[in-house]
1. Tell me, please, whether a residue that is at pLDDT 90 or above and surrounded by 15 or more Cβ atoms within 10 Å (Cβ to Cβ) can be found in the stretch 22-30.
2. Of the residues that make up the stretch 116-129, is at least one part of a helix (DSSP H, G or I), under 17 Å from ALA94 (Cα atoms) and at pLDDT 95 or above?
3. Within the stretch 265-275, can you find the residues that are farther than 26 Å from ALA94 by Cα and surrounded by 15 or more Cβ atoms within 10 Å (Cβ to Cβ)?
4. State whether the residues of the stretch 84-92 include one that is closer than 30 Å to VAL159 by Cβ, small (Gly, Ala, Ser) and modelled with pLDDT under 90.
5. Scanning for something assigned to a loop (DSSP other than H, G, I, E, B), modelled with pLDDT of 85 or more and under 30 Å from ILE251 (Cα atoms), does the stretch 38-61 turn up at least one residue?
6. Out of everything in the stretch 246-279 that is charged (D, E, K, R), out of contact with any Asp or Glu (no Cβ under 7 Å at 6 or more places or on another chain) and in a strand (DSSP E or B), what residue ends up being nearest to LEU135 (Cα to Cα)?
7. I'm trying to understand the selection: among the residues of the stretch 15-41, which are of a type in the set (A, V, I, L, M, F, W, C) and free of Cβ contacts under 8 Å to residues at least 24 places away in the same chain?
8. Since LEU151 meets every condition but one in (1) touching a Leu at 6+ places or on another chain (Cβ under 8 Å); (2) closer than 12 Å to LEU219 by Cβ; (3) surrounded by fewer than 20 Cβ atoms within 10 Å (Cβ to Cβ), which condition does it not meet?
Amino acid sequence: MGQVRFHTRASRPAAEALYDHLDQRFGEEGAPVALTEIDEKADVFEVSVYFEDAEAVDESDVRNAFEGHEPEREDLPDIDWMAQVLADLKPVRAGRFLVHGAHDRARVLPNDLAIEIEAGQAFGTGHHGTTAGCLSMIEEVVRRRRPRNALDLGTGSAVLAIGFAKLARRPVLATDIDPVAVAVARENVRQNGVHRFVTTATATGFASPAFHGATPFDLIVANILAGPLMRLAPEMARHLSRGGDVVLSGILDRQRDAVLSAYRIQGLFHRKTLRRGEWVTLHLTQNRLD
C-alpha cells in the first residue's frame, strides 16, 4: 500500500475545466484534486489527483478521466503526511494574532488573539506570507477605522474572517468558490467561537444570494491571485462603502504595480504595502494619502 499522484499541466481554461471534471469524478470517492499555478506569465497550471492506496487504483480509468491529457504518475512515500506536517508546523504570529494548531494551544499568551486551524484543512493555515500579511493589515485597519462589517473573499479555511471577527466583533461574510472549503471554514468558525459574527457561503466572485442585504462593506479582504483580483476590481469598488478599505494579497512583488493600476482606475488608491518574501499585501482606500 502507498499513495500515488497523477498530474498534468495545461493552460488555465483547460486546467480549470479538467479540475472540475476530476473533482466530480473522484472527489466523492475521497480522492483530493488540486489546481496549482506553475507559471502565471506562461499561463501554465498543474492539475493533480491523489489516491491513498496505489494498489487499489484503476490506472486505466484514471488516465481516461484526464480526457485527452496524458498524466504523469508519481508514487509517494507511504508516510503519515499529517503527522509530519504538524511536527514541522510552528505557531505564526502576526501582530496580536497567533495562528496555531491544537497541538500548540499551550503557546497561546493571555493577550493573544488565537486562531486555531489544523494543517491540511482547506487552504490557509496562516503560515503563508500572504495570510500573515493580511492579518497584520486587518489589525491596522481595525485599529484606525473600526469597520462596521467585512467581506473575506476566497476565505479558504477562514483564518482572515476569524481574525477580523475576534478583533472587531463585527459581522463578516466569508465566501469561497469551493463548497468543501466553505464546509471546513464553517467548522473552523464554530471551533473558534465566532459563529455569531461570521457567515459562510459558496460564491463565485460576488454572485451569491448571501450578498443580498450584506453590502456595502466597510472592509473587503481578498487573498487569492493577482489575475482574479484585477478582474474583480470593478465589483470590489461597487460593493465597498464610501471611504471603505480594501486589503489584497496573493500577489507577487512583480505583480504589484499591475494590481494597483487596475484598482486606481476604479477610484481606489494605494496606502501601504507589506512585503513578506516574494509576496506583497496591499492596503487601498477610496481616499488618496494626504
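The values are calculated or read from the model by the stated rules, or taken from the named source; none is laboratory data. Predicted model only: the values in this text are computed from it and were never measured. Here Cβ is always computed from backbone atoms with ideal geometry, including for glycine, and neighbour counts include all displayed protein chains.
1. Looking only at the stretch 22-30, we keep the residues that are at pLDDT 90 or above, and these are 22.
From what's left, surrounded by 15 or more Cβ atoms within 10 Å (Cβ to Cβ): 22.
The answer is yes, given that some residue of the stretch 22-30 is at pLDDT 90 or above and surrounded by 15 or more Cβ atoms within 10 Å (Cβ to Cβ).
2. Taking the stretch 116-129 first, the residues part of a helix (DSSP H, G or I) are 129.
Those still in the list that are under 17 Å from ALA94 (Cα atoms) too: 129.
After this cut, where a residue has to be at pLDDT 95 or above as well, the list is none.
No; the residues of the stretch 116-129 include none that is part of a helix (DSSP H, G or I), under 17 Å from ALA94 (Cα atoms) and at pLDDT 95 or above.
3. First pass over the stretch 265-275, keeping only residues farther than 26 Å from ALA94 by Cα: 265-267.
Scanning the stretch 265-275 gives a single hit, GLN266.
4. Looking only at the stretch 84-92, we keep the residues that are closer than 30 Å to VAL159 by Cβ, and these are 84-92.
Now drop any that are not small (Gly, Ala, Ser), which leaves 87.
When the remaining residues are screened for being modelled with pLDDT under 90, the result is 87.
Yes, there is a match, as at least one residue in the stretch 84-92 is closer than 30 Å to VAL159 by Cβ, small (Gly, Ala, Ser) and modelled with pLDDT under 90.
5. No: the stretch 38-61 contains no residue that is assigned to a loop (DSSP other than H, G, I, E, B), modelled with pLDDT of 85 or more and under 30 Å from ILE251 (Cα atoms).
6. Filtering the stretch 246-279 down to residues charged (D, E, K, R) leaves 253-254, 256-257, 264, 271-272, 275-276, 278.
Okay, now just the ones that are also out of contact with any Asp or Glu (no Cβ under 7 Å at 6 or more places or on another chain), so 254, 256-257, 264, 271-272, 276.
If we keep only those that are in a strand (DSSP E or B) as well, we get 271-272, 276.
Numbers: ARG271: 16, LYS272: 14, ARG276: 12 Å.
Of everything passing the filter in the stretch 246-279, ARG276 is nearest to LEU135 (Cα to Cα).
7. Just the residues of the stretch 15-41 that are of a type in the set (A, V, I, L, M, F, W, C), to begin with: 15, 17-18, 22, 26, 31, 33-35, 38.
Of everything in the stretch 15-41, those that are of a type in the set (A, V, I, L, M, F, W, C) and free of Cβ contacts under 8 Å to residues at least 24 places away in the same chain turn out to be ALA17, ALA31, VAL33, ALA34, LEU35.
8. Here LEU151 clears every test but (3).
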